[in-house]
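J.: Below you will find the structure I want to go over with you.
The values are calculated or read from the model by the stated rules, or taken from the named source; none is laboratory data. Note that this is a predicted model, so its numbers are computed, not measured. Cβ placement follows ideal geometry from the backbone for every residue including glycine, while neighbour counts extend to all protein chains displayed.
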């Protein structure tokens, strides 16, 4: 599933932005630990900007393109998960940038006369049902503009095991409820686009991948692009991405999740340049009528600044009149794209690691306009440093507590049981804290999901490490103290009974 940052400051991840803000606060404590941006001796300004980003976020591979008045500057650096050099033909998972393609697929059906944007979903997707009667009023437009009323609060998109098809996603909603009236307010929610993808499949009679390939990818010359339903589905000629911890990148399979329609497209830099050209109206003009293309980029009712698979923002989330953009975030791939038809400018960034590709995209655009780039900051890098220090300190303290258990018990052998239990209570709190800390991403969005112990292996592995240290170390220290107390009680009772007397001879 795609973890795309919402225009209004929330996150599809149900708290990703709040987590980043939380970690950002931590970063102020150790701002001096931040990894400095380092530039390389490369021939162009754009290349130096890309290299600085790679250094800051320890990103193994980057493919970027800057479009200006028809000219395309391609910048590639690094390697993929198989060790091969990145090229314009290297495949990447593009995450939520896939939404623009699903929305275009719907618009092609509108052009065909098969659907209308304001059709009710239930009229085009009879299998769709929910426990909330308001679901019958949801329209296709509301799905594409994230104003359907679907929410992470009542539909946990990150629950495992994840459904592997769009049909399974629809079936999972049968007991679901809405959090708002359809059309009333915006909330970025990936499932909206899984439903839209299922509409494409039902109306066209084709799997989404086949529809996109026949109606979009092949006509636009995007021959290396395809779509999958499951985020972690293996794809030919697609190397795995990376997770990055403390500046060290390691190959990691993509996290399981539902990606059909909302984040499942696999593409290349060369193909994504074609995609931007199409949206700028410079290629494929006969593919989709211009008014329908413009509607995709236009802000929708109660969804500002979101349109239909696009948003009217700069790639870094700031205001930029004339620009249309969208980002894409998975656990091991991130990217960003933006364009302005009026100026002919555009940018695509694809990476195979975590980071903030919208910042890189914005800097590339800024530099092309003669504006100095903004320095990169990596709050996650600093926060990971903090978490690793906390884990090391906790491990040391709990190890000392475990080893000193006999000495601790020696001074408390005669203490009453209630007082002993009170003395042991802090270690119980340590264990509880260890169980809860990995749930922080879920708690920040108001829910408790123990599956985040698994999810954090991809997103925040050091939360799992700290939690494991506290749980295992706390249990070790607690058990050691209890055992030491029991042994001490036995010795104390023996001492009170005095030495045993030898038996008298008969």
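J.: Just need a number here: residues in segment 434-447 that are touching a helix residue (DSSP H, G or I) at 6+ places or on another chain (Cβ under 6 Å) and at pLDDT below 85.
T.: Looking only at that region, the number is 3.
J.: Something else now. How about segment 332-433: which helices (runs of 4 or more DSSP H) wholly inside it have at least 3 residues that are in contact with a helix residue (DSSP H, G or I) (Cβ under 9 Å, 6 or more places away or on another chain) and surrounded by fewer than 16 Cβ atoms within 10 Å (Cβ to Cβ)?
T.: Values: elements: 357-368, 379-403, 405-410.
Because the criterion is at least 3 residues that are in contact with a helix residue (DSSP H, G or I) (Cβ under 9 Å, 6 or more places away or on another chain) and surrounded by fewer than 16 Cβ atoms within 10 Å (Cβ to Cβ), the helices (runs of 4 or more DSSP H) in segment 332-433 that meet it are 379-403, 405-410.
J.: Does residue 312 satisfy being within 24 Å of the chain's Cα centre (by Cα) and either surrounded by fewer than 22 Cβ atoms within 10 Å (Cβ to Cβ) or not assigned by TED's automatic domain parsing to the domain that holds residue 75 (or both)?
T.: On the way: within 24 Å of the chain's Cα centre (by Cα): yes; either surrounded by fewer than 22 Cβ atoms within 10 Å (Cβ to Cβ) or not assigned by TED's automatic domain parsing to the domain that holds residue 75 (or both): yes.
Yes.
J.: Taking segment 450-475 on its own, how many of its residues are surrounded by fewer than 18 Cβ atoms within 10 Å (Cβ to Cβ) and either over 21 Å from residue 333 (Cα atoms) or over 19 Å from the mean Cα position of the chain (by Cα) (or both)?
T.: Going through segment 450-475 one residue at a time, the tally reaches 5.
J.: Quick one: residue 244 ticks every box in (1) closer than 30 Å to residue 300 by Cβ; (2) buried (at least 21 other Cβ atoms within 10 Å of the Cβ); (3) modelled with pLDDT under 95 except a single one, so which number is it?
T.: (1)
J.: Please work out which one of (1) surrounded by fewer than 18 Cβ atoms within 10 Å (Cβ to Cβ); (2) part of a loop (DSSP other than H, G, I, E, B) is the condition residue 250 fails and give its number.
T.: Among (1) surrounded by fewer than 18 Cβ atoms within 10 Å (Cβ to Cβ); (2) part of a loop (DSSP other than H, G, I, E, B), the lone unmet condition for residue 250 is (2).
J.: Can you tell me which condition residue 140 does not meet? The list is (1) out of contact with any helix residue (DSSP H, G or I) (no Cβ under 7 Å at 6 or more places or on another chain); (2) under 30 Å from residue 271 (Cβ atoms); (3) touching a residue at least 40 places away in the same chain (Cβ under 8 Å), and all the others hold.
T.: All conditions are met except number (1).
J.: While we're on this one: Condition test on residue 270, is it closer than 23 Å to residue 70 by Cβ, more than 22 Å from the chain's Cα centre (by Cα) and at pLDDT below 95? Talk me through it step by step, then tell me what you get.
T.: On the way: closer than 23 Å to residue 70 by Cβ: yes; more than 22 Å from the chain's Cα centre (by Cα): yes; at pLDDT below 95: no.
No.
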